Each structure stands twice: as C-alpha cells, then as structure tokens.
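What follows is a short report on a single structure.
The values are calculated or read from the model by the stated rules, or taken from the named source; none is laboratory data. Predicted, not measured: the structure shown is a model, and the values here were computed from it. Glycine also receives a Cβ, built like all others from the backbone with ideal geometry; neighbour counts cover every protein chain displayed. Quick note on the areas: whole protein, heavy atoms, side chains included, nothing else; ligands and nucleic acids left out. Shrake-Rupley method; radii C 1.70, N 1.55, O 1.52, S 1.80 Å.
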Amino acid sequence: MKAVIQRVKRADVSVDGNIVGKIEKGYMILLGVVEGDTLECAETLAAKVAKLRVFEDENGKMNLSINDVGGEALVVSQFTLCADIRKGNRPSFTDSAAPDEANRLYEYFCSKLLENGISKVEKGVFAADMKVLIENDGPVTIV
C-alpha cells in the first residue's frame, strides 16, 4: 500500500458537483493499493497513521497524534500512486491491485482507522472522477 498523508485544516471530496466526504482538522489520505497487498498491510498502515505524531503540542513541536487532537480523516482511493514511470513517458499501472481487491482493501483500511480511534472517517467514491479540495496545514505531507 502506498499512502500520501497530508495534515489539513479542512478537506472535501466531490463527485459530479456533490460533496461526498468532508472533514475539518485532520488528515487527507490518498491511498493506492498495490498488487499483493493484504488485510495485514491495511491493518499495519491504519495503526501507523493513527499513531503518527505530526500535530503540534503546546510548545510548537510535532508531538501529537490525530487522536490526541480529535482529528478526522478523509480517505480517497488513488490508483495512480501505484504508477511506474521508469520506462517511457506514459505511466504504467500494472502494479495496481485489481479494482475489486483494491476496493476491498480500501474499505478495510477505512474501517481500521475507526478501530484505531479516529473519530470520523469520510471517504471518496471508489473509481469515480473526484475533485478534492484541501487546506494544507503546515504544509505537512508524509509518504
């Protein structure tokens, strides 16, 4: 699995002009599922995301987790994170998991974020053409 985690002040995702997921302070997570990823990969990544200490404490140090600050998560499936650009100029997506498996692991990852204490987890629409608006906080971006 590949994830891009952005600390945000707010974010939303829309499909056909309709907002389908919206959060305030927390993480915007772009998630790519690679061929061979497992439920265990999703569990491990969700636990790591919930424990990341990238929010500032009272001394301005990145020392607090999303749970410590009552943050929320917006997760958008993004198979393009699995792109291979080593040859030529057109990305290859052969490393991406098959759509059914990718969606299953994406949904599982989201459920595991909730189990790891993140109070609100919003999602995009799998395989849809989505528009994502974010207000970065920092910016802080973790891959």
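Annotations
- Verdict on S96 being more than 13 Å from the chain's Cα centre (by Cα), surrounded by 14 or more Cβ atoms within 10 Å (Cβ to Cβ) and among the hydroxyl-bearing types (S, T, Y): yes
- Considering residues of the range 104-129 that are open to solvent by 50 Å² or more (accessible area, probe 1.4 Å) and among the aliphatic types (A, V, I, L, M) only, the residue farthest from N18 (Cα to Cα): L114
- Some residue of the range 55-68 being closer than 25 Å to A127 by Cα, at pLDDT 95 or above, surrounded by fewer than 19 Cβ atoms within 10 Å (Cβ to Cβ) and aliphatic (A, V, I, L, M): no
- Among all positions in the range 130-137, there is no residue which is farther than 17 Å from D12 by Cβ, in contact with a strand residue (DSSP E or B) (Cβ under 6 Å, 6 or more places away or on another chain) and either open to solvent by 70 Å² or more (accessible area, probe 1.4 Å) or among the small types (G, A, S) (or both).
- Of all the criteria given as (1) within 26 Å of D100 (Cβ to Cβ); (2) hydroxyl-bearing (S, T, Y); (3) free of Cβ contacts under 8 Å to residues at least 40 places away in the same chain, the one not satisfied by S77 is (3).
- Selection of the range 91-106 for residues being out of contact with any helix residue (DSSP H, G or I) (no Cβ under 8 Å at 6 or more places or on another chain), part of a loop (DSSP other than H, G, I, E, B) and at pLDDT 95 or above yields only A98.
- So V4, is it under 14 Å from the mean Cα position of the chain (by Cα) and either touching a residue at least 40 places away in the same chain (Cβ under 8 Å) or closer than 22 Å to K120 by Cβ (or both): yes
- Selection of the range 49-92 for residues being among the β-branched types (V, I, T) and under 18 Å from A3 (Cβ atoms) yields V49, V54, I66, V75, V76, T80.
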